[in-house]
Amino acid sequence: MDPRARRSRDRLFAAVLELAASGRVDDVSVSEVARTAGVTRDTFYRHSGSVSELLTMALAERLLDYLAGHVGEEYPTPSELVDVLASAELALLRHIAELGSVYQAALGGSSAAPVRRALTSFLQENIEVALRLYPEIAPLPEDEMDDLSRAMIASYAASGTVGAIEVWLHSGDLDDPAGASLIIAAGAPTWWRKATGKNA
């Protein structure tokens, strides 16, 4: 991306996250986001078609930042996998808690569906990658784990996790990500608990 366009996009992302953090999403206008970002409406529309779309894009980028910070630039070796997977959920919940007011606002209004889809897709894609790269964690024999099987299994796990995260967010008590992680792990599919070393 052109550096100037990237700077404008970053300012727009920061502006929409700031406005959402104050608990406002549905009543925020394109003009207000543009004014907060210090850009024109035309610049806004070069990056996004709506406030809801911009917010979803901003949160999606933050999720990628979380992933890069947690996993790093290279995939873990099989021997490292359990530790990485075991800590990934807690790290994700801490990330979401840091943006708690943003997610609460985003999942409580007209942005709920696209933000939920973005979060679910993010988790599903990463679970699919794990199932493809590390077939030993899969709940089916390797010769039965085709693309459809991986997609269905990953979608099931991701959708349940996002549903649990939404309940946690709406509870308003985000001070204990570790406790929330344990609850989600308790309800996770058996194969995932085994993959993360939480199948006690």
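The values are calculated or read from the model by the stated rules, or taken from the named source; none is laboratory data. Quick caveat: nothing in here was measured; it's all calculated off a predicted structure. A quick note on method: Cβ atoms are made from the backbone with ideal geometry, for glycine too, and the neighbour counts reach across all protein chains shown. Side chains included, ligands, DNA and RNA excluded: accessible areas come from the protein's heavy atoms. Shrake-Rupley method; radii C 1.70, N 1.55, O 1.52, S 1.80 Å.
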Q. What number of residues within region 79-98 satisfy the criterion of being within 18 Å of Arg193 (Cβ to Cβ) and open to solvent by 70 Å² or more (accessible area, probe 1.4 Å)?
A. 1
Q) Looking at region 2-20, is at least one residue part of a loop (DSSP other than H, G, I, E, B), out of contact with any Gly (no Cβ under 9 Å at 6 or more places or on another chain) and open to solvent by less than 40 Å² (accessible area, probe 1.4 Å)? A) no
Q: Could you figure out which of (1) open to solvent by 40 Å² or more (accessible area, probe 1.4 Å); (2) more than 16 Å from the chain's Cα centre (by Cα); (3) at pLDDT below 95 isn't true of Thr196?
A: (1)
Q | Selection from region 99-126 of residues that are open to solvent by 20 Å² or more (accessible area, probe 1.4 Å) and either more than 27 Å from Ala15 (Cβ to Cβ) or β-branched (Val, Ile, Thr) (or both) | A | Thr120, Gln124, Glu125, Asn126
Q. In this structure, does Glu89 turn out to be touching a residue at least 24 places away in the same chain (Cβ under 8 Å) and acidic (Asp, Glu)?
A. yes
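This table checks each residue for (1) open to solvent by 30 Å² or more (accessible area, probe 1.4 Å); (2) not hydrophobic (A, V, I, L, M, F, W, C).
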{"site": "Ala130", "(1), (2)": "no, no"}
{"site": "Asp143", "(1), (2)": "yes, yes"}
{"site": "Asp146", "(1), (2)": "yes, yes"}
{"site": "Thr161", "(1), (2)": "no, yes"}
{"site": "Pro177", "(1), (2)": "no, yes"}
{"site": "Ser181", "(1), (2)": "no, yes"}
{"site": "Pro189", "(1), (2)": "yes, yes"}
Q. Quick one: in region 21-50, which of the residues that are without any contact (Cβ under 8 Å) to a residue 40 or more places away in the chain and of a type in the set (A, V, I, L, M, F, W, C) is surrounded by the most Cβ atoms within 10 Å (Cβ to Cβ)?
A. Val33
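Select the helices (runs of 4 or more DSSP H) contained entirely in region 112-200, then report the ones holding at least 3 residues which are touching a residue at least 40 places away in the same chain (Cβ under 8 Å) and over 24 Å from Leu63 (Cα atoms). Break it down stepwise before answering.
Values: elements: 112-133, 147-171, 177-187, 190-195.
Of the helices (runs of 4 or more DSSP H) lying wholly inside region 112-200, those with at least 3 residues that are touching a residue at least 40 places away in the same chain (Cβ under 8 Å) and over 24 Å from Leu63 (Cα atoms) span 190-195.
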